[in-house]
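To start, the structure under review is shown below, and the notes come after it.
Where a number appears in this text, it was derived from the coordinates with a stated rule and is not lab data. As the structure is a computational prediction, the values presented were derived from the model and not from experiment. When we count neighbours, we look across all protein chains shown, and the Cβ atoms used for this are built from the backbone with ideal geometry, even at glycine.
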Amino acid sequence: MDFRNRIAEYTEAPISRHLILELLHDYQRPNDKISELLKSKALISLRRGLYVTGPELDLSLPDLF
């Protein structure tokens, strides 16, 4: 299963780094994959360790407070 399908069910709120690491558990270097996702705009960093899906994944964004 690809990353887009795995993360699709968690788009209603910002996503923690811990959750992303769990979703990428089959990668040998998940931190490198997170960096790659940030560079490709698949993830957008809100602050350290907190992310939302980016335009590359074309998923819904969390509602603003």
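For Leu46, Leu37, the sequence from fewest to most other C-beta atoms within 10 Å is Leu46, Leu37. In terms of its C-alpha gyration tensor, the stretch 3-50 comes out rounded, because the ratio a/c of the largest to the smallest axis stays below 1.5.
Taking the helices alone, the chain has a mean residue ellipticity at 222 nm of -8500 deg cm²/dmol, built from -39,500 (n - 2.57) per DSSP H run of at least 4 residues and averaged over all its residues.
Relative to the dominant Cα principal axis of the chain, helix 30-39 is inclined by about 50°.
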